[in-house]
Structures are given as C-alpha cells and as structure tokens.
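Comments concern the structure below.
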Amino acid sequence: MAAERWDGLLTGARLATLDAATDDGGSAAAPSDDRDGASRYGLIEAGALGWRDGRIVFAGRMDALPAAPADLAADVIDAGGDLVTPGLVDCHTHLVFAGDRASEFEQRLTGDSYEDIARAGGGIVSTVRATRAASEDELLAQSLPRARALVADGVTTLEVKSGYGLDFANERKMLRVARALGDALGVPVRTTFLGAHALPPEFGGDADGYIDAVCDWLPRLHAEGLVDAVDAFCERIGFTGTQTRRVFEAARALGLPVKLHADQLSDGDGAALVAEFGGLSADHVEHTSAAGVRAMAAAGTVAVLLPGAFHVLRETTLPPIDAFREAGVAMAVATDCNPGTSPLMSLRQGMQLACTHFRLTPAEALRGATVHGARALGLGDRGVLRTGLRADFVRWRVREPAALCYWLGGDLVASVHCGGRRVV
Ligand SMILES: N=CN[C@@H](CCC(=O)O)C(=O)O
Ligand SMILES: [Zn+2]
C-alpha cells in the first residue's frame, strides 16, 4: 500500500473541473461545445484532488475518497473551501522580445494607427531591430519576468511564437529562448515558428523572396526540435493568402500543425484558409466572415480570442461570437502578450477583457483559458480536472468561479501546481 500512495491530495476544495464526468459518478456528458458550456463549470463542492507521478488520480467529492486522506497521500493540503481550477493555458503569446514600444503607444493615442506606424517602418520591425541586437542571454533575461508573471497568475502551459528575428539565426535564437523559459520556470512551453510575421527591411519589398527563405528555414529549425507549430500573419500589413498558403504547405510537408493570425484588421479569408489546412486555430478573427466561421466549424479549428489587442488598439469590430456559439466553434482566450498590440501579462486579466468586451460568460472565458486553449495547441491531456490528465491546477483565494473574471488585477493565486509539482 505504501508504494502506491499518492504524491499529494488537496481536500476541502471547491473544484471547477470543467468536466461533468467526474470521479464521484457524475453521469452528465462532458460539455461538447460553447452552447452547452456557456454556464457550466463542472463544480464539485467539498471536493478532493489527488495526484501521483504528475497525473491526476482522483478528482471528485471528498466523501468518495477510497480511504482516509492521511492513508492515501504523502502530502495532504486542506484548501479551506478555496476554488480550484485546471491550470490556465495561454495559447498565443509573443513574449520573447527585447525592448518595448511604449512610445508607439503614446503615438497611437495622439492619432496614428497601428497600420500607419507599421508602414512607416515602426511596429513589428522596430521590435525586430531590438531583438536582433540582444544576445541570447539578454533576451532570456528580458523575457523571463513576463513568463514568470503569467505563471504567477495561474498559467501552467504557454505558447511562445518567434517572429521578431526574421532571419535564420535570430528566429532560432528566439525559439531557443522560449524553450529555456520553460526549463527555468518548470512549465511546458510550446513553440510556434512565425517567420512570416513581417517583411524584414533587407528584403527590399520582396515578400515572395522572403517567403522562400522562411520555407527554407522551417525544416532546419524543426530538425533542431525547436518547432511545435507554424503560424503566419495574413493581413494587409503582413502576407497574402497565397504567401501564407506556401508556408502552410511547407509545414504540412513536415507534418507540423498550423495556426494563423487571421482577419485581425480586415477580412482576408484567413479563417477559411487555416481551416482548409485543418489548422489548430484561427487567432484574432475580429473580421471573420460567416463563411469563415462555417469552415472553422467543419474543420474543428479553434477561434482564439485576443481581447488584449482589441482593447489596446481600441478596435470596434467584434469577433462573431454568436456565430461561433451557434456553429459550435470552440473559443479560446489568450493574452497575445507582445510589445505592440497587447502588453498584457495576466491571462486572468485577458479573461476579464473577454467578458467585458466580447460578452463571453465567465464560464466560457474560463474554458477558453483552459480546455479550449489546450485544444488550440493540440494538447488533449490538460485543461480539465479529470483522472489520467496532467496534474496542472490552481488554488485561488476566491470561492466563485466568476470572481476570476471580476477582479481587475490583484493577487488571487494561493498556489499553482504543474505536473504535480508546486511552481507558485
Ligand atoms: N498581429 C500581429 N502580431 C501581433 C502584434 C505584434 C506586434 O505588434 O509586435 C499580434 O498578434 O497582435
Ligand atoms: Zn499574435
């Protein structure tokens, strides 16, 4: 018996499992889409959560525990009625970069648009200059506090994109730093190659030639184990659908999943394009058409909502939230943490913005930042508190799940466990 003891057991918890099929014999089916999940948390009062070897071994009511807590686990923690949720999954960030763009923020407040600034040689390309100039160690030192802030507010898996290097050596440097962040913080980091983020000045306007280079770098970066997925910025100030398609074909040749910055500033049929490739996600999607929504639903492509960018750019066109609900398109919520459009270092704050700007229910926002965020990364082993899944969970100093979306700022986290190990 002693050898089979669990590594840890949390008792007296209010579990928001986000899963109706729990260990206490709950019979309802798990929520299948956002129509079902709009108000569902899979709540278990007086709950217990046990884990061993990094995996959940029990998630249910305390009175259904198979033995006395002290006989079950080496480490028993009384949660005192606190809310416990799955660890948050931030499925869209650009948090590896050097410098900042606070002056660009000021410039926008006096009238210049994001697109004007980009066309004048600022925007993404100005962060490229700073990122290229930083050594790998400097880049890690500047990026680590941002990743640490996300984890401190409940994130247990995060995605990081390249896209501020825009040449082979600097894209590689960014991806290596992203991997190093995960090692430093003890949380999984998924890396996305975003070579097709902007056209670097040395290509002198030759976007097709640059896409040739991106397609050449991809297999080399993949061979080093640095790429989990491939992304592009399909937009008036980014790349055309035809150029994006070439990047996706290069990804497909390597068996890599794709995602896309789609329809952020204009409708460029990006959602339909990424869905055509069976993409994991279409991200931003403010201007996505009804046909784009239908294509996403058919392909199972997740809509990643980025309310931080919407808020900072003071956008007015909302993503088609009702159409996503109607079509059963899963909606994820992410920070988009980046120096230009979304200097946001809390996913919980992102959930708040998703509720206030996009009218997501708090349950949708929580599912968006957990199970649907995981799905947008192709990860089926996290985002729900269920036996057999990763023991990634957060104990919050609140009782009501809606409180996570209610408070602006503040420190609500009592503890964060990732793979059964306490990281906060
Ligand atoms: N839209 C393109 N990429 C980023 C912004 C990057 C930047 O401005 O530095 C985004 O997701 O919002
Ligand atoms: Zn982005």
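Each value in this text was obtained by applying a stated rule to the coordinates, not by laboratory testing. Not measured: the values here are computed from a predicted model. With ideal geometry, Cβ positions are generated from the backbone for all residues, glycine too; neighbour counts draw on all protein chains shown.
The table that follows gives values for the structure above.
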item: Karplus-derived 3J(HN,Hα), 6.51/-1.76/1.60, for each residue of region 159-170, Hz, glycine and proline x; result: 9, 10, 9, 7, x, 10, x, 6, 9, 4, 5, 7
item: Long-range HN-HN contacts of V258 with modeled amide H, under 5 Å; result: V230, L280
item: Additional length obtainable on full extension of the chain from E4 to R397, 0.36 nm per residue less Cα span; result: 138.4 nm
item: 14 Å beta-carbon shell around S135, net charge (K/R +1, D/E -1); result: +1
item: Mean Cβ count within 10 Å, highest first, over the residues of peptides 104-113, 326-335, 250-259; result: 326-335, 250-259, 104-113
item: Gyration tensor (alpha-carbon) shape descriptor, region 89-376, a/c threshold 1.5; result: rounded
item: Cβ crowding within 10 Å averaged over residues, with 88-96, 66-74 ranked highest first; result: 88-96, 66-74
item: FRET efficiency for D212 and T316, using Cβ-Cβ distance with R0 set to 35 Å, rounded to 0.05; result: 0.40
item: Note, ³J(HN,Hα) from phi for region 52-58, Karplus 6.51, -1.76, 1.60, rounded to Hz, x at Gly and Pro; result: 8, 6, x, 10, 6, 10, 7
item: FRET E, pair R236, A298, Förster distance 30 Å, beta-carbon r, rounded to 0.05; result: 0.70
item: Placed amide H near R55: partners under 5 Å, 5+ positions off or other chain; result: A391
item: Region 237-242 - phi-based ³J(HN,Hα) in whole Hz, Karplus 6.51/-1.76/1.60, Gly and Pro as x; result: 9, x, 10, 6, x, 5
item: Label-point separation, A133 to A169 (7 Å along Cα→Cβ), nm; result: 1.7 nm
item: Under-5 Å amide H pairs with R190, H placed in peptide plane, nonlocal only; result: L158, E159, V160
item: Gap separating the Cα centres of region 214-246 and region 176-207, nearest whole Å; result: 10 Å
item: Linear extension gain, F105 paired with D78, 0.36 nm per residue minus alpha-carbon span; result: 5.2 nm
item: Peptide ranges 114-120, 413-419 listed from the most packed, as the mean C-beta count within 10 angstrom indicates; result: 413-419, 114-120
item: Of all DSSP beta bridges in the chain, antiparallel share, percent nearest 5; result: 45 percent
item: Region 197-313 shape via C-alpha gyration tensor axes, a/c threshold 1.5; result: oblate
